[in-house]
Amino acid sequence: MTIRDVILAAGALAGMAFAQDRAPLEFEAASVKPSEGSQSVAGVSKTGQRTTSSYWGCSGGPGTTDPVRYTCTSTSLRPLINRAWSLKGYQLTGPATLDSPTYDIEAKVPAGATEDQFKQMLQKLLIDRFHMVMHHETREMPAYVLSIGKGGHKLQVPPPGDTESPREALDTDANGDGKAKMSAEEAARMNELRARGAEVRAAAGRAARTTPLPPAHIAYRITNGMAKLAGRRASMADLTNALSGTFGCPVLDHTSLGGEWNFMVGFAADSLDGGPASGAMASMRQRMASARGTADGSAGVSTEEPSTPTGGQSIFTAFEKQLGLKLEAAKAPGEVLVVDRLDKTPVAN
C-alpha cells in the first residue's frame, strides 16, 4: 500500500467517524395531530374512592427512562417552541395560535441523541409541520430592577451544614413568617398529593427523568391566594431568574450581593395581576384547576389549592418589608423570537 493509499484510507475513516458523530436533525418518525383533550387516568384513593385525574404535557426523550420516544398530550405550541429554542417565557411573541389549540405528538428519537440534537429535531418538526416563519430581534421591554432598600437587606447567611431545600422550607413554614407552621397532617397530605401525581404520570405511561436536574435553590407556591417564595443557599442570579419567570420579563440584579442566602417572603398572589405575566399566569392557574380530577383533588400535574384574593401585601411591599430589597419597574433591551406566521392545522402525518 502506498503512502497515498494510507492517506486516502485515513481520510475515509475520518469521514465515517464524522458521519456517525453528526447529529440527526429530524425525528425518525413523528405524528402530530390536534388534541382530543387531556389524558384521563382512573385510580383509587387511599380512602377507597374512585378517582379520575387528567394529564397534559410532554415526556420522554434524552435524559429520561424513554429516550427514544417523545410524547405530548394536549400541549400548545408555546412550550414546544420555548424548549426547541431554549427561550424564557417573555422571549417568545406571536399570534394567539401559540396558546390555542393544543396538539398530541408522538415522535421517535434516534438512539443516543443529545438534548441539543433533540432541540434541533423539534425545531425542524415545528417548521415543517406548521410552516412556522419566525425571526429574532432585540426589543425594549418592561423589566424590573432588584436593589437593596434604604435600611439594608434582611437576607440570612446559611448556617453551617444547612441542607434544607426550599420546598422543605415551604412545607415547614407555610406563611413564610416563622409563626404559622404546617401541621403534621397538612405535611402528610402534601406528600400524598405529590405521590399521587407521580402515580398518575406513571399510569399515563409518562417517562421519568434519569439525569438529575440541578439542585433547586428557589421554590414557589400559591396556596389559598397567598404566594410564597423560599430561597435556600440561593444566589441573586437564582432569585432574579425566578422573578423573571414570575413577572414574565427580565429582572436585573443591582444588589451587588455575592454568595448564597436563605430567605422567605409571602405576598398576595393577585398582586401580580395586571403585570407583564398576568395573562400567562391566569391561563396557567385555569389549566391547573381544570386538570385536578374529581375525587382527591390531585391532577398529576399540580399539588396546589385554588387561589382566592387575600388582601395581603403586594410583592413589592413584601420584598421591601420582609427582605429589605426593592423591586422597581424599568425598561431594558431583550432578545426575542417573533413568530410571524404558523398554520393552525399541522401537515398531515
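The values are calculated or read from the model by the stated rules, or taken from the named source; none is laboratory data. Fair warning: this is a prediction, and the values are worked out from it, not measured in the lab. FYI the Cβ positions are ideal-geometry reconstructions off the backbone, even for glycines, and counts take in every protein chain you see.
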Please tell me if Asp273 is touching a His at 6+ places or on another chain (Cβ under 6 Å) and either modelled with pLDDT of 50 or more or β-branched (Val, Ile, Thr) (or both).
no
Restricting attention to segment 334-349, which residues are aliphatic (A, V, I, L, M) and in a strand (DSSP E or B)?
Val336, Leu337, Val338, Val339
Kindly check whether there is at least one residue in segment 83-96 that is modelled with pLDDT of 95 or more and in contact with a Ser or Thr (Cβ under 8 Å, 6 or more places away or on another chain).
no
Name the residues in segment 57-84 that are touching a helix residue (DSSP H, G or I) at 6+ places or on another chain (Cβ under 7 Å), of a type outside the set (Lys, Arg) and either surrounded by fewer than 18 Cβ atoms within 10 Å (Cβ to Cβ) or closer than 15 Å to Ala113 by Cβ (or both), would you?
Gly61, Pro62, Gly63, Asn82, Ala84
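Kindly evaluate Arg167 against the criterion of being modelled with pLDDT of 70 or more, under 21 Å from Leu243 (Cβ atoms) and assigned to a helix (DSSP H, G or I).
yes
Only one of Gln117, Gln156 is more than 30 Å from Met264 (Cα to Cα) and out of contact with any helix residue (DSSP H, G or I) (no Cβ under 8 Å at 6 or more places or on another chain). Can you tell me which?
Testing whether each residue is more than 30 Å from Met264 (Cα to Cα) and out of contact with any helix residue (DSSP H, G or I) (no Cβ under 8 Å at 6 or more places or on another chain) leaves just Gln117.
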Does segment 289-309 contain any residue that is exposed (fewer than 15 other Cβ atoms within 10 Å of the Cβ), outside any loop (DSSP other than H, G, I, E, B) and at pLDDT below 50?
yes
When restricted to Ala219, Ala180, Ala174, Ala195, the only residue aliphatic (A, V, I, L, M), modelled with pLDDT of 70 or more, not assigned by TED's automatic domain parsing to the domain that holds Arg69 and not in a helix (DSSP H, G or I) is Ala219
Could you tell me how many of the residues in segment 85-111 are in a helix (DSSP H, G or I) and surrounded by fewer than 16 Cβ atoms within 10 Å (Cβ to Cβ)?
1
Cβ-Cβ distance below 9 Å, separation of 6 or more or different chains: which pairs start in segment 334-349 with a residue that is over 18 Å from Ser100 (Cα atoms) and end on one that is exposed (fewer than 12 other Cβ atoms within 10 Å of the Cβ) and of a type in the set (D, E, K, R)?
Gly334/Glu140; Glu335/Glu137; Val336/Glu137; Leu337/Glu137
Failed item in (1) outside the structural domain of Leu98 (by TED's automatic domain parsing); (2) of a type in the set (Lys, Arg); (3) closer than 30 Å to Pro95 by Cα, with Lys154 passing the rest
(3)
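Every residue, every condition in (1) assigned to a loop (DSSP other than H, G, I, E, B); (2) at pLDDT below 80; (3) in contact with a Phe, Trp or Tyr (Cβ under 9 Å, 6 or more places away or on another chain); (4) farther than 27 Å from Gly245 by Cβ, yes or no:
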{"residue": "Ala12", "(1), (2), (3), (4)": "no, yes, no, yes"}
{"residue": "Ala19", "(1), (2), (3), (4)": "no, yes, no, yes"}
{"residue": "Glu26", "(1), (2), (3), (4)": "yes, no, no, yes"}
{"residue": "Ala30", "(1), (2), (3), (4)": "no, no, yes, yes"}
{"residue": "Lys33", "(1), (2), (3), (4)": "no, no, yes, yes"}
{"residue": "Ser53", "(1), (2), (3), (4)": "no, yes, no, no"}
